[in-house]
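The values are calculated or read from the model by the stated rules, or taken from the named source; none is laboratory data. Source: prediction; values computed, not measured. Cβ placement follows ideal geometry from the backbone for every residue including glycine, while neighbour counts extend to all protein chains displayed. Just the protein is used for accessible areas: all its heavy atoms, side chains included, with ligands, DNA and RNA removed. Shrake-Rupley method; radii C 1.70, N 1.55, O 1.52, S 1.80 Å.
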Amino acid sequence: MAKRVHRPREDAEFDFILRMSDVPVLACFTGTWPKAVEPCRAMDLVVGGIADDCAGRLTVVRADITRCPAATERYGITGAPSCVLLKEGEVVAHGTGPMTTAEVRALLDGHL
């Protein structure tokens, strides 16, 4: 059974997941510093539900910005949580801050 939400430990693993995905990728960047922990945990629930609902049509990645600094910089992430939707490696949608399931679905609209 495939992982529901990928959690890369480093940039190389993040990049590998992107290369191997043949569907769009929702990358949720999270942080572990005190002010980011609660909003990022809330996003974990949201992206987990999205991963379940969109299985086979979407790859979901939760990347800690301290473990994946190159990816964080590449996609212009300046705060956590932040989500980017990637199609063929290109950003097609972006959202910053805690988001509801409806807000994340709006990011996905028309791209799956």
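Given charges of +1 on the Cβ of Lys and Arg and -1 on the Cβ of Asp and Glu, with all other atoms neutral, how large is the dipole of the stretch 1-105 about its Cα centre, in debye to the nearest 20?
The calculation lands at about 180 debye.
Using helices alone, I'd like the mean residue ellipticity at 222 nm for the chain: each DSSP H run of four-plus residues gives -39500 (n - 2.57), total over residue count, nearest 500.
-12000 deg cm²/dmol
Of the heavy-atom accessible surface of the chain (probe 1.4 angstrom), what whole percent is carbon and sulfur?
Whole-percent figure for carbon plus sulfur exposure: 53.
Per residue, how much accessible surface does the chain expose to a 1.4 Å probe? Answer in Å², no decimals.
55
Could you work out the per residue convex hull volume over the alpha carbons of the chain, in cubic angstrom?
Once divided by residue count, the hull of the chain is 91 Å³.
Using the alpha-carbon centroid of each, what span in Å lies between the stretch 1-76 and the stretch 84-112?
Rounded to whole Å, the Cα centres lie 12 Å apart.
Give me the distance in nm between label points sitting 7 Å out from Cα along the Cα-to-Cβ direction at A42 and R4, one decimal.
Going from the A42 label point to the R4 one covers 2.0 nm.
Tell me the label-point distance for the pair V92, W33, using the 7 Å Cα-to-Cβ offset, in nm and rounded to one decimal.
If labels sit at V92 and W33, their model points lie 3.3 nm apart.
Starting from the stretch 14-97, pick out the trypsin sites (Lys or Arg not before Pro) whose DSSP state is loop and whose Cβ has at most 13 other Cβ atoms within 10 Å.
R57
Can you give me the convex hull volume of the Cα atoms of the stretch 2-50, divided per residue and expressed in Å³?
82
Among V47, V92, W33, flag the residue with its Cα farthest along the positive direction of the charge dipole of the stretch 3-112, charges on Cβ as +1 for Lys/Arg and -1 for Asp/Glu.
Going by the Cα projections, it comes out as W33.
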